[in-house]
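For reference, the structure is listed below as structure tokens.
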Amino acid sequence: MKNKFLVVLSCFVVLAMFLSACAPVATEPPPAVPTEAPAPPAAATEAPAPPAATPEEPVSTCPLNVEEGATIVFSGWGDPTEQKIYTDSIERFKAVCPEVTVDYQPIPDKFQDKLKAMMAGGTAPDVFYVDDQLMTAFAPTGQLLALDDFMAQAGASRDSYIPALLTIFTQ
């Protein structure tokens, strides 16, 4: 079950990276989150109140049911400029799901060959860049996870994607 969750989460990361790489850059900072005024000191006879969450403690905003201590391995290819897109996307993902550790393992050279060997040897990363050639290599053999149910759970629609890409990346 844990492996299935990691594969699903991995697929969401790939989709998020794909979409975020094409998204416009925000020019305005997000609005500040208001903070509550501190409560007056408790009387000496009252039991102390439990400690309030500090701003440093991450508050889970992840839309996924994430296991505590979840880690995913992500690989992508490309030169340093392309790898920067991946690392920026990972940072955006971590902002949404801070409880998930992403272990980025770039494969800058012979990505398809190395990934196919890793897949055959059972050591493939949880999330990886999939192009049309890898899609046709892995999907027919059941090595990629269908995202239909997970998209439905997340409220995502196929209408949000470029139709030509859906044709290529739908098995």
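None of the figures in this text is laboratory data; all of them are computed from the coordinates on show. Because the structure is predicted, anything quoted here is derived from the model rather than measured. Here the Cβ is made from the backbone with ideal geometry for all residues, glycine too, and neighbour counts use every protein chain on show.
Got at least one residue in segment 153-167 being surrounded by 11 or more Cβ atoms within 10 Å (Cβ to Cβ) and closer than 20 Å to PHE111 by Cα? So far as segment 153-167 goes, no, none of its residues is surrounded by 11 or more Cβ atoms within 10 Å (Cβ to Cβ) and closer than 20 Å to PHE111 by Cα. Looking across segment 87-103, the residues that are touching a strand residue (DSSP E or B) at 6+ places or on another chain (Cβ under 8 Å) and farther than 27 Å from THR170 by Cβ come down to THR87, LYS94, THR101, ASP103.
Scanning segment 106-121 for residues that are touching a Gly at 6+ places or on another chain (Cβ under 9 Å) and assigned to a loop (DSSP other than H, G, I, E, B) yields PRO106, ILE107, PRO108. So, in segment 60-87, of the ones that are part of a helix (DSSP H, G or I) and without any contact (Cβ under 8 Å) to a residue 60 or more places away in the chain, which residue ends up surrounded by the most Cβ atoms within 10 Å (Cβ to Cβ)? Result: GLN83.
Please go through segment 88-105 and give me each residue that is in a strand (DSSP E or B) and under 10 Å from the mean Cα position of the chain (by Cα), ordered by number. If the condition is that a residue be in a strand (DSSP E or B) and under 10 Å from the mean Cα position of the chain (by Cα), then THR101, VAL102 are the ones that fit.
Name the single residue, out of those in segment 150-163 being over 20 Å from VAL100 (Cβ atoms) and not basic (Lys, Arg), that is farthest from the chain's Cα centre (by Cα). The selected residue is PRO163.
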